[in-house]
Every structure is written in structure tokens, then in C-alpha cells.
Amino acid sequence: MEVTSIIIQANIEKAQTGDQVAFTFLLDFYWNEVYGFMIKRTENETDTEDIVIETFAKAFDKIATYNPEYGFNTWLIAIAKNVHIDMLRKKKSSLFVDNSDDSNYVNAIADDSPTAEDELIIEQNLAQLLLCIKELKPAYQEVIQMRYFQEMSYQEIADQLEEPLNNIKIKLLRGKKLLAEIIKKK
């Protein structure tokens, strides 16, 4: 076994015990490989970044199930493929319009802008979400706000905060995970 694979295996074992430094090492080590694989499939940088971040989030959530008989990169690629398929299904279902007869077609064209009631519900949900975000550490609040409310790219966030791109990716990954835990508790 070569030195690199020994180091990787040691970090996988540490990550399985919840070691954040090991998670960061694995993310840094495998990011480019998973990203390179997905960019060829999606040909879209934004989708690829989202897929890769979700891939690592799912991998770290399920790292206890990783079977060391297979390459860690193979396992990550399999997760990435599934995340990509899920994303395509979501996009497809949101674009699907059954226009088998004219009445359905007319209904699809009808004004679907939110009603006053819809807007109130959206506002209340947003207020709840903002309260949950305020429970995060300021560093996580900042990157989540920049990414999802200001719709900045990962690179724009890294440039503005003068931090390495991978730090931003890790902060977003951890921030989203912590936010999901806060939301589940409510």
C-alpha cells in the first residue's frame, strides 16, 4: 500500500469518528476529481458546484456505510451520479406540462403568480428561515446569505471574503448541514 492510500484510509477512519479536519482533507483531496467528472456530464459550472457540494454532504452523512473494499473516489462518484439524477428529475418534473388537450394547455399558460395568501405564507416561511439562520455562527450566516440571498458564486464569495475557494465550499457545506439540523429541531 502506497503512502497516499495509507493517509487517505487514515483520514476516512478519522472522518468516520466525526473528525472535521479529516473531512476537510478528504474534501480537498477528492474535490477536483468529482468536480471534473461532473462538469463533463452537466457542462454547467453552477450545477456542478451544487452537485459536488451535495455529494460531499451526503458522503459525510453516510461515511459510516462506506465499504473500504471499494475506492473512496468510486464511492463519491456513485453518490455524485445519484445526486445528478435527482437534480435532473426535479428539473424535469418542474418543467412537465401535460398538454394532451387544449384545456390543460390553457391552464398551464394561466397566471400562476402568487396570491396575497401565497405571499404571506412565503413571507412567514422566510421569516422562520431567517430566525434559524441567525442561530448559526456569524461565519456560516455570512456565506449562506451571500450564496442564497445575494446569489453570489463560490468564487465571488471567496474573492469578497479574501479566503481560499475550498474554505468557502466547506463553510457552505457545514453551514447548510447545521441549518438543516436547526430546522429539524423546530
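The values are calculated or read from the model by the stated rules, or taken from the named source; none is laboratory data. It should be emphasised that the depicted structure is a prediction, and the values quoted were computed from it without experimental measurement. Virtual Cβ from ideal backbone geometry, glycine too; neighbours counted across all protein chains shown. Ligands, DNA and RNA are stripped out before the accessible areas are found, and what is left, the full protein with its side chains, is counted by its heavy atoms. Shrake-Rupley method; radii C 1.70, N 1.55, O 1.52, S 1.80 Å.
Kindly indicate the residue of region 5-50 that is on the phi < 0 side of the Ramachandran plot and not in a helix (DSSP H, G or I) and also surrounded by the fewest Cβ atoms within 10 Å (Cβ to Cβ) among those meeting that condition. Step by step, filter region 5-50, then rank; the result is 17. For region 1-17, the set of residues classified as over 17 Å from residue 67 (Cα atoms) and either of a type outside the set (A, V, I, L, M, F, W, C) or touching a strand residue (DSSP E or B) at 6+ places or on another chain (Cβ under 6 Å) (or both) consists of 2, 4, listed by residue number.
With respect to being open to solvent by 90 Å² or more (accessible area, probe 1.4 Å) and either farther than 24 Å from residue 147 by Cα or modelled with pLDDT of 80 or more (or both), residue 56 falls outside the description. Tell me, please, whether a residue that is surrounded by 13 or more Cβ atoms within 10 Å (Cβ to Cβ) and at pLDDT 65 or above can be found in region 119-128. Checked against the condition, which is being surrounded by 13 or more Cβ atoms within 10 Å (Cβ to Cβ) and at pLDDT 65 or above, region 119-128 yields no hits at all. Right, residue 139: touching a helix residue (DSSP H, G or I) at 6+ places or on another chain (Cβ under 8 Å) and small (Gly, Ala, Ser) or not? Against the criterion (touching a helix residue (DSSP H, G or I) at 6+ places or on another chain (Cβ under 8 Å) and small (Gly, Ala, Ser)), residue 139 qualifies. Summed over region 132-186, residues that are of a type in the set (Asp, Glu) and closer than 20 Å to residue 45 by Cβ total 4.
Here's the yes/no breakdown for (1) at pLDDT below 85; (2) of a type in the set (A, V, I, L, M, F, W, C); (3) within 28 Å of residue 35 (Cα to Cα):
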{"site": "80", "(1), (2), (3)": "no, yes, yes"}
{"site": "90", "(1), (2), (3)": "yes, no, yes"}
{"site": "141", "(1), (2), (3)": "no, no, yes"}
{"site": "150", "(1), (2), (3)": "yes, no, yes"}
{"site": "159", "(1), (2), (3)": "no, no, yes"}
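Please verify whether region 47-63 includes one or more residues that are over 15 Å from residue 85 (Cα atoms), touching a residue at least 24 places away in the same chain (Cβ under 8 Å), of a type in the set (Gly, Ala, Ser) and touching a Lys or Arg at 6+ places or on another chain (Cβ under 9 Å). Within region 47-63 (the criterion being over 15 Å from residue 85 (Cα atoms), touching a residue at least 24 places away in the same chain (Cβ under 8 Å), of a type in the set (Gly, Ala, Ser) and touching a Lys or Arg at 6+ places or on another chain (Cβ under 9 Å)), the answer is yes, since at least one residue qualifies.
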